[in-house]
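Only the coordinates and a few stated rules stand behind these numbers; no lab work does. Please read all numbers here as calculations on a predicted model, not as lab measurements. Cβ atoms come from the backbone with ideal geometry, glycine included; neighbour counts cover every protein chain shown.
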């Protein structure tokens, strides 16, 4: 186990990093605005699940392998970018909810799985765990512990973003024009996230 001082310093650093908006926060806020608070929270849970996958990868050294191998890094990067862009384009081309007063909530299982996939296929997350965790850990066990702690802290921050975004977006869920705005906003952000993931560079 890391020392209490290390845990305290790590927690402060993790909280500071978690509250800074990034791809995960953007994804959660988009889902919250588009589908509501429940979907935003489930999306945050999915992002956390993807984070745990990266924690496991960092613990066994897979993150180092991915970030050090140009082929592996490029494969993960392009698959993740393609997934996000496809999701965004499908959202942009779907008009079935424009005549409804509010968008229907997607099944919980699908929302959660999408959040996991979005985070697992984000090479920037692997780079983050590889660069950040080793500064506070000197063993696989400590990496696993601190990684899980970070995921928990990030989930708390992400959930707060989901609540705030859903609350502020209440007025955007009425009428055809509002549905069209939500559709273009969420679809455009997914495409932008895909382009951002495709532009990620391997650590050198």
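One table, with the values for the structure above:
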read-out	value
Linear extension gain, residue 3 paired with residue 192, 0.36 nm per residue minus alpha-carbon span	64.0 nm
Taking 118, 195 and counting other C-beta atoms within 10 Å, the order from fewest to most	195, 118
Projected area, mean over directions - the range 2-41, Cα convex hull, nm²	3.5 nm²
For 145, 163, 150, order by how many other beta-carbon atoms lie within 10 Å, fewest first	163, 145, 150
Rough spin-label spacing in nm, given labels placed 7 Å along Cα→Cβ, for residue 164 and residue 82	3.6 nm
